[in-house]
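Below is one structure; the comments refer to it alone.
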Protein chains: 4
Amino acid sequence: MHFTPSNPEFADVVRASFATQGLMQLIGATLERVEPGEVDIALPYRDDLTQQHAFLHGAVTTAIADSAAGYAALSLMPAGSEVLSVEFKINLLRPAAGLRFVAQGRVIKPGKTITVSRADVFAYTDENPVHVATLLATMIVQKG
Amino acid sequence: MHFTPSNPEFADVVRASFATQGLMQLIGATLERVEPGEVDIALPYRDDLTQQHAFLHGAVTTAIADSAAGYAALSLMPAGSEVLSVEFKINLLRPAAGLRFVAQGRVIKPGKTITVSRADVFAYTDENPVHVATLLATMIVQKG
Amino acid sequence: MHFTPSNPEFADVVRASFATQGLMQLIGATLERVEPGEVDIALPYRDDLTQQHAFLHGAVTTAIADSAAGYAALSLMPAGSEVLSVEFKINLLRPAAGLRFVAQGRVIKPGKTITVSRADVFAYTDENPVHVATLLATMIVQKG
Amino acid sequence: MHFTPSNPEFADVVRASFATQGLMQLIGATLERVEPGEVDIALPYRDDLTQQHAFLHGAVTTAIADSAAGYAALSLMPAGSEVLSVEFKINLLRPAAGLRFVAQGRVIKPGKTITVSRADVFAYTDENPVHVATLLATMIVQKG
């Protein structure tokens, strides 16, 4: 789907908000792509982000998926908006084994109050992505 | 509800698994209570666990909620089992403002293959808990 | 939890809205209880409400659970409001075998825009309820 | 995605199971398309399938979405299998206004025990589909 952003500065807004998130810095996540309704977040593997089998912890997979879905929503909101996750559901499809992870956030349905978006997380060991999680989220706009 | 654990060593199993989770150590979470079908996880506030408004990041709230729900499920599983989150949904009810957070995981329906559990997260600034999130999860047993 | 309704006529509002739902009549569901933040919906078993094993169809279980959760939310909204389900998740815990089903809708967190509520569905063959489903929903107010 | 069915009779299995569902007959739903990992279910509008604004009731939208997701999963299962919904989440994106509705069920991740699938529901008044709901589901195989 193609969306037209209501704020031409949407990419700066997303980048500025992302930079203030302590957690994204703690885990080493970076913004890889910011387009209208589409935000990708990348994360290299690290030993301290694991669950008991040394795969990426489901909560870390969730963190980048939720953030990607939320920033995809924010990219379509008017200037001065902030975004909050009302709720989300995530299915962890496979063990998150890999050297690098990318969460692709995509808006499904933008709205004045509520935006619905999804995110899919892929694990990379070589060049072939493995689909490790899918998230479906409800986001709400906050006026600044 | 009262559940009878099938493994009398359930508390040791839960504590041993928790100790191997890099992420729980990274964020500073601790096991506060382990009973049959009931596990509480506590987390002190830290600046690097925040979202853009200095509240606890939704992904951190989710991390302790998912872990509490998963370990509540594991506490009822036979010896030699491990637990995986198939999926969960979380509603973030209020900004997670507080000095300390407790996720209360509770089994709703144990099963041979699938266990359904929930978790509620409370924020404490003084002695009065504030309900900040509720999670509903599907867990699956893994034979060791 | 105890809630104070903002509209003293809340029970009439819920009953009037329920009466206009073609689907609730089609399946034979009735409002059994309407209190502030709490609505119960009852449904007798019928052969044409089944899935392939002659248990109550998951979609029918869902229909009464979603309605109970939605009307629980509506019971706390100001006069002139209507309620819409933004989304919900349901776990079908056991086969819905029984002669009569009751969905208990309960508000978890009321709000000006968003209300989060849950519903639990119980099946009755004799006097002992069997917990067959649990639903967690996000409701939004619509101004009339 | 392209999937190879493990049972060459998959389409007959899906059609036979669908035919036994009292609820699908009650609401007038039909199987429109059965391919490996892909099942579409169609439903004409009817006055008795409505909520209070004469749109299709969310529970009916959910019924066809859940069935499409479940039968998409069943289409990839070995001979003799049956499918049960463990849980699902649905976002109701827009009022379900239309003369005809189609739920497109698609498998995201097949598995020996657990299959994850999604469904999208579209409303048709003329030839242009309107996306009214998206569902994400966890299905479990039952050996016959």
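The values are calculated or read from the model by the stated rules, or taken from the named source; none is laboratory data. Quick caveat: nothing in here was measured; it's all calculated off a predicted structure. In this analysis, Cβ positions are derived from the backbone assuming ideal geometry, glycine residues included, and neighbour counts consider all displayed protein chains. The accessibility values were calculated without ligands, DNA or RNA, using every heavy atom of the protein model including side chains. Shrake-Rupley method; radii C 1.70, N 1.55, O 1.52, S 1.80 Å.
What percentage of the solvent-accessible surface of chain B, computed with a 1.4 Å probe over protein heavy atoms, is contributed by carbon and sulfur atoms? Within chain B, the accessible surface is 55 percent carbon and sulfur.
Residue by residue along D:14-23, Cβ atoms of other protein chains within 10 Å of the local Cβ number 4 on average.
Distances between every pair of Cα atoms in the stretch A:65-144, grouped in 10 Å steps from 0 to the bin holding the largest one, split as 22, 44, 24, 10, 0 percent. Look at the stretch D:116-123: the mean tally of other chain Cβ atoms within 10 Å of its residues' Cβ atoms is 2. Every pair of different Cα atoms in the stretch C:1-56 enters the Kirkwood calculation, which places the hydrodynamic radius at 13.1 Å. Ordered by 1.4 Å accessible area with all protein chains kept, A:His57, B:His131 run largest first as B:His131, A:His57. Could you let me know the centre-to-centre spacing of the stretch D:115-144 and the stretch C:1-48, using Cα atoms, in angstrom? So the separation of the two Cα centres works out to 28 Å.
Rounded, prolate or oblate: which one fits the stretch A:95-141, using the alpha carbon gyration tensor with axes a ≥ b ≥ c (rounded when a/c is under 1.5, else prolate when a/b beats b/c, else oblate)? Since a/c reaches 1.5 and a/b is larger than b/c, the shape of the stretch A:95-141 is classed as prolate. Counting only alpha carbon atoms, the long axis of helix A:10-19 and the longest principal axis of chain A meet at about 50°.
One residue of chain A places its C-beta nearer than any other to the axis carrying A onto B; that residue and its whole-Å distance are A:Lys89, 2. With angles folded into 0 to 90 degrees, how steeply does helix C:58-74 sit against the dominant principal axis of chain C? Use alpha carbons for both and round to 10. Approximately 20 degrees, to the nearest ten. Counting only DSSP H runs of at least 4 residues, each contributing -39500 (n - 2.57), and dividing by the residue count of chain B, the helix-based mean residue ellipticity at 222 nm comes to -7000 deg cm²/dmol. Here D:Arg94 yields copy-to-copy label distances, from shortest upward, of 3.5, 3.7, 4.2 nm, the label point defined as 7 Å from Cα along Cα to C-beta.
Site pair A:Glu127 and B:Glu9 shows an inter-label distance of 4.8 nm when each label is modelled 7 Å from Cα along Cα→Cβ. Of the listed residues B:Asp126, D:Asp66, the order by accessible area with a 1.4 Å probe, largest first, is B:Asp126, D:Asp66.
Over chain C, Cα pairs under 8 Å with separation of 6+ residues give a relative contact order of 25 percent. Each residue of the stretch A:1-115 gets 105 Å³ once the volume of the Cα convex hull is shared out per residue.
Near C:Leu84, once Lys and Arg are set to +1 and Asp and Glu to -1 for all other residues with Cβ below 12 Å from its Cβ, the sum equals -1. Inter-copy label distances for A:Glu35: 2.4, 5.3, 5.4 nm (label point placed 7 Å from Cα along Cα→Cβ; shortest first).
The Cα atoms of the protein assembly as shown give a gyration tensor whose axes a ≥ b ≥ c have a/c under 1.5, which makes the shape rounded. Accessible area ranking (1.4 Å probe, heavy atoms, ligands and nucleic acids excluded), largest first, for B:Thr125, C:Thr113: B:Thr125, C:Thr113. Summed over both chains, the contact between A and C buries some 400 Å² of accessible surface at a probe radius of 1.4 Å.
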